[in-house]
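Structure first, commentary second.
The values are calculated or read from the model by the stated rules, or taken from the named source; none is laboratory data. Please read all numbers here as calculations on a predicted model, not as lab measurements. Cβ sites come from the backbone with ideal geometry, for glycine too, and all protein chains shown count toward neighbours. Heavy atoms of the whole protein, side chains included, go into the accessibility calculation; ligands, DNA and RNA do not. Shrake-Rupley method; radii C 1.70, N 1.55, O 1.52, S 1.80 Å.
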Amino acid sequence: MNIPLSSPDITEDEIASVTAVLRTSQLSLGPKLVEFERAIADYVGLPFAIAVNSGTSGLHLCVRALGIEEGDEVIVPSFTFIAAANAVVYERATPVFVDIDPITMNLDPEKIESAITPRTRAIMVVHTFGRPAPMRDIIRIAKKHGLLIIEDACEAVGAKYQGQKAGTFGNAGVFAFYPNKQITTGEGGMIVTHDERIAVRVRSLRNQGRGASGEWFEHEELGYNYRLSEMSCAIGIVQLKRLETILERRATIARIYEQKLAGLPGLILPSTVNVGERVSWFVYVVRLSDSFTRQDRDEIVAELHNRGIGCGRYFAPIHLQSFYRKSFGYEPGSLPNTERVAARTLALPFFNRITEAQIDKVCHALTELIEQKSRNIQHQQ
């Protein structure tokens, strides 16, 4: 692709930090891990942060540490990355998919309560595309029904809801640092929590179930190798120092897209946020209007690819993935907002170092293709 969908932003400082670690004798479970965890905890304002090797691992450990098990149900959006639901299934619990607000693309609080049963244990809240979910309403529902809250903030580091950072509202929150994220460690994730018991448990679980004694061959419970290397932590420390600058840059890119695409018939841009909220721009996702079909969207994606422009179909509904249809019996039509939105969304190239000339090329191509499709639709009518 001449213009990729995403691209990590690595500087000489990150490279130097990795080189410095490689000159030491400790490449795992060392001082950089402690420093990175402390830096994230300080950034979000919580006492505990536990680094893991991916956001998926972080979500899994949260589910396990909170005691969610076979027979339990967890409310999850279907319009998100599949890891949110998989983390529930790993513990043989049941994900219960709830529809989204088609404007924000986050869980619709009005749809949550009707999905709660005596088996419901938790709500998995996803801050979709870095836009904070409506936590006030979700917390009210959780308290009313005695439910746990896991925040999937994997796309939302630095996002704010009513002045408070995403990931800090629930029993535990998870960030991810894959190369397409706002900041990256290559692979990696971070669990944050105010609960010391959760912190102690996930520290053990990520390191093969070892106990507080640190004895290498003493294991208190079934655990996993979900550790994050010292090299990755070193990158994360440097990236985190740049996070606020990165978020400002990404917000600027989003504004440029908005200015260039505003008023294009048939295209719905990301909605604005409320006062006191901040989007941590993970991707820039636009949506075709309902006059277009899934096939129209897919043909636009294919043609953008042909022109060397990276783009993505964010997201394919989880409940219609073959595993979930076979395992839980979901069928098309069960989540109308999710299905309608997912058939028409399109993620545009979005990364720190994208140039305005590149954005111009993307917008020109997208405008041309949408206008062409619109003429075809009018002709068919």
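How far, in nm, would the chain grow between ASP42 and GLN259 when pulled straight, counting 0.36 nm per residue and subtracting the alpha carbon separation?
Working: separation 217, 0.36 × 217 = 78.12 nm, distance 3.54 nm.
Roughly 74.6 nm would be gained on extension.
Counting only DSSP beta bridges with both residues in the chain, what percent are antiparallel, rounded to the nearest 5?
60
Just round it to a whole percent: the fraction of Cα-Cα distances in region 137-269 exceeding 26 Å.
Within region 137-269, distances greater than 26 Å cover 41 percent of Cα pairs.
How large a share of the accessible area of the chain, in percent, is made up of carbon and sulfur atoms when the probe is 1.4 Å and the other protein chains stay in place?
C and S fraction of accessible area: 50 percent.
Place +1 on the Cβ of every Lys and Arg and -1 on the Cβ of every Asp and Glu in region 15-69, take the dipole about the Cα centre, and give the residue among LEU27, ALA65, ALA41 whose Cα lies farthest towards its positive end.
Towards the positive end, the residue furthest out is LEU27.
Where does each of 177-190, 13-26 land if you order them by average Cβ count within 10 Å, highest first?
Working: 177-190: 23.2, 13-26: 13.2.
For the peptides 177-190, 13-26, the packing ranking is 177-190, 13-26.
Test of understanding: what is the full-extension gain from ALA16 to GLU220, defined as 0.36 nm times their sequence separation minus their Cα-Cα distance?
Gain on stretching ALA16 to GLU220: 69.7 nm.
Please list log₁₀ I(q)/I(0) at q = 0.12, 0.15, 0.16, 0.25 Å⁻¹ for region 289-381, using the Debye equation with identical point scatterers on the alpha-carbon positions.
Cα-only, vacuum Debye calculation for region 289-381: -0.48, -0.70, -0.77, -1.24.
Residue by residue, what Karplus-based ³J(HN,Hα) values in Hz, rounded to whole numbers, does region 313-320 have, using 6.51, -1.76 and 1.60 with θ = phi - 60° and x for Gly and Pro?
For region 313-320, the Karplus curve yields 8, 9, 10, 7, x, 5, 5, 9 Hz.
Grab the DSSP H runs of the chain that are 4 residues or longer, score each as -39,500 (n - 2.57), total them, divide by all residues and round the 222 nm result to the nearest 500 deg cm²/dmol.
-12500 deg cm²/dmol
For region 269-343, what does the alpha-carbon gyration tensor say about shape, rounded, prolate or oblate, given a ≥ b ≥ c as the root eigenvalues, a/c under 1.5 as rounded, and a/b over b/c as prolate?
Oblate is the answer for region 269-343, as a/c is 1.5 or above yet b/c matches or exceeds a/b.
Using a 1.4 angstrom probe, figure out how much accessible area the chain has per residue, in square angstrom, rounded to the nearest whole. Show your work: numbers first, answer last.
Values: 16440 Å² over 381 residues.
Per residue, the chain has 43 Å² of solvent-accessible surface.
Round to a whole angstrom and tell me the spacing of the C-alpha centers of region 109-179 and region 264-287.
Between the Cα centres of region 109-179 and region 264-287 lies a distance of 19 Å.
What is the total of Lys pairs in the chain with C-alpha atoms under 21 Å apart, excluding same-chain pairs fewer than 8 positions apart?
Counting lysine pairs in the chain gives 13.
Take the Cα atoms of region 1-87, find their three principal axes, and give me the spread along each one in whole Å, biggest first.
Computed over the Cα atoms, the extents are 49, 40, 26 Å.
Given the whole protein assembly as supplied and a 1.4 Å probe, what does the accessible area of MET1 come to in Å², nearest 10?
Solvent-accessible area, nearest 10 Å²: 130 Å².
About the Cα centre of the chain, how large is the charge dipole given +1 on each Lys and Arg Cβ and -1 on each Asp and Glu Cβ? Please answer in debye to the nearest 20.
Working: 42 positive and 44 negative charges, 57 e Å.
Rounded to the nearest 20 debye, it is 280 debye.
Sorting check: for 366-375, 147-156, which peptide has the highest mean count of neighbouring beta carbons within 10 Å, and how do the rest follow?
For the peptides 366-375, 147-156, the packing ranking is 147-156, 366-375.
Just to be sure I understand the model, the point goes 7 Å from the Cα along the line to the Cβ. What's the resulting GLN321 to GLU356 distance in nm?
In this crude label model, GLN321 to GLU356 measures out at 4.0 nm.
Count the DSSP beta bridges whose two residues both fall in region 49-177, then state the antiparallel fraction as a percent rounded to the nearest 5. Walk me through the numbers on the way to the answer.
Numbers: 3 of 19 bridges.
Antiparallel bridges: around 15 percent, rounded to the nearest 5.
For region 263-334, what is the relative contact order in percent, using Cα pairs closer than 8 Å and at least 6 residues apart in sequence?
Relative contact order comes out at 20 percent.
When the convex hull of the Cα atoms of the chain is projected onto a plane and the area is averaged over all directions, what value comes out in nm²? It would help to have the intermediate numbers written out before the result.
On the way: hull surface 79.0 nm².
Result: 19.7 nm².
Let's see if you can work this out: charge +1 on each Lys and Arg Cβ, -1 on each Asp and Glu Cβ, no other charges. What is the dipole magnitude of region 229-308 about its Cα centre, in debye to the nearest 20?
260
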